[in-house]
Amino acid sequence: MTAHESVHPTPDEVGAYYDLMGPFYATLWGDNIHVGYWTGPDDMSSHVEAQDRLTDLLIEKVNLTTGQTLIDVGCGVGRPAIRLSRHSGASVVGITVSADQVARATMLAEQNGVTDRVRFERADAMALPFDDETFDAAWAFESLLHMPDRQHVLQEIWRVLRPGGKFALTDVTEERPLSDEHRALLYGSFMLRSLETIERYPALVTAAGFVVDEVIDISAHTKRTLQFVSDALIQKRDDIRALYGDDLLATLEQVWPQLAAIQRDHLGYVVLVAQKPR
Ligand SMILES: C[S@@+](CC[C@H](N)C(=O)[O-])C[C@H]1O[C@@H](n2cnc3c(N)ncnc32)[C@H](O)[C@@H]1O
């Protein structure tokens with residue numbers, strides 16, 4: 001089975017989407033643009049606490065220390081990169097195709113006093129503007145699902161990593177097959193390029209030259225995410241109306257409950273940890 005593709009947004013179109021939707025994400029998701037990790041049904045963590053918990057899992061997996069460097073491929077507005085740097089002392093270069101995200105992430109780094117070791121730039125993961133063997137580690141935190149060619153991006157990440165370098169990725173997976181209608185709604189709403197299955201991921205990463213250390217299925221821990229956002233939309237509808245107007249608010253209110261149901265019934269989530277051989 002190959003990755004499903006139904007719409008084909010280019011990296012520039014994905015960048016324009018995040019430029020436009022920056023205020024939407026800032027209002028409803030905060031400064032993490034990824035799912036939350038809840039430990040179980042009794043876990044009463046907020047959306048932000050659960051999102052930071054997933055970042056902390058990745059921080060543990062890349063296991064960096066002061067003076068080491070990581071490239072954050074698809075960095076959003078930078079909260080995961082800044083959190084990693086504050087916890088480990090490592091330096092981070094974050095790349096994104098959205099100019100608005102670069103500006104927001106740079107401001108967040110200034111507010112956190114980490115501009116000496118965390119910086120952000122606009123770049124396309126399909127052609128990373130860095131020399132071979134530049135970084136000690138890399139992560140692609142819920143970003144590969146937007147990109148035109150996952151295999152190519154994995155090879156690019158392998159290229160810029162030093163031998164022995166750690167690589168962690170997270171991705172939304174297609175846990176149960178989507179109907180054409182659901183796929184069109186999901187891909188169109190989030191500018192997705194393709195979804196993989198968890199079963200296929202290790203072979204993809206291995207084909208790029210990595211040795212896979214761990215594949216962790218955390219699907220069950222992430223399922224509350226879109227419901228949280230759907231609920232937040234009800235609470236913050238006046239803010240969203242002020243930002244985008246009545247028509248877009250009406251569309252969002254119609255679509256979000258459907259997206260939450262699609263996540264619950266069809267989507268999974270993988271954390272994969274690998275290494276470039278020495
Ligand atoms: C769902 S957001 C995740 C953001 C961030 N990793 C986080 O967890 O908060 C996806 C990110 O991937 C970036 N992205 C998508 N396609 C890209 C590409 N071709 N090159 C670089 N970044 C890309 C987007 O600009 C966005 O920042």
ask   = Of the residues in segment 110-129, how many are within 15 Å of the ligand (Cβ to nearest atom), touching a helix residue (DSSP H, G or I) at 6+ places or on another chain (Cβ under 7 Å) and open to solvent by less than 30 Å² (accessible area, probe 1.4 Å)?
value = 4
Whichever residue in segment 207-235 is in contact with a strand residue (DSSP E or B) (Cβ under 6 Å, 6 or more places away or on another chain) and assigned to a helix (DSSP H, G or I) and, among such residues, is nearest to Val273 (Cα to Cα) = Ser219
inquiry  = Can you confirm whether Ser85 is at pLDDT 95 or above, hydroxyl-bearing (Ser, Thr, Tyr) and either within 15 Å of the chain's Cα centre (by Cα) or more than 8 Å from the ligand (Cβ to nearest atom) (or both)?
reply    = yes
request  = Can you give me the number of residues within segment 161-196 that are in a loop (DSSP other than H, G, I, E, B) and under 16 Å from the mean Cα position of the chain (by Cα)?
outcome  = 4
key: Any pair with Cβ under 7 angstrom, 6 or more apart, that starts in segment 91-107 at a residue that is over 17 Å from Met126 (Cα atoms) and open to solvent by 20 Å² or more (accessible area, probe 1.4 Å) and ends at one that is at pLDDT 95 or above and aromatic (Phe, Trp, Tyr)   = Asp100/Tyr18; Val102/Phe120; Thr106/Phe120
key: Members of segment 130-151 found to be among the aliphatic types (A, V, I, L, M) and either within 14 Å of the ligand (Cβ to nearest atom) or farther than 21 Å from Val77 by Cβ (or both), listed by number   = Ala138, Ala140, Leu144, Leu145, Met147
key: Residue list for segment 14-51, filter: outside any loop (DSSP other than H, G, I, E, B), under 21 Å from Leu145 (Cβ atoms) and among the acidic types (Asp, Glu)   = Asp19
task = Go over the candidates Glu199, Glu174, Glu181 one by one and state the one that is modelled with pLDDT of 95 or more, surrounded by 20 or more Cβ atoms within 10 Å (Cβ to Cβ) and of a type in the set (D, E, K, R).
result = Glu174
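The values are calculated or read from the model by the stated rules, or taken from the named source; none is laboratory data. Quick caveat, the model's predicted, so the values are computed rather than measured. Neighbour counts are summed over all protein chains in view; Cβ atoms, including those assigned to glycine, are modelled from backbone coordinates with ideal geometry. Note: accessible area is taken over every heavy atom of the protein model, side chains too, but ligands, DNA and RNA are not part of it. Shrake-Rupley method; radii C 1.70, N 1.55, O 1.52, S 1.80 Å.
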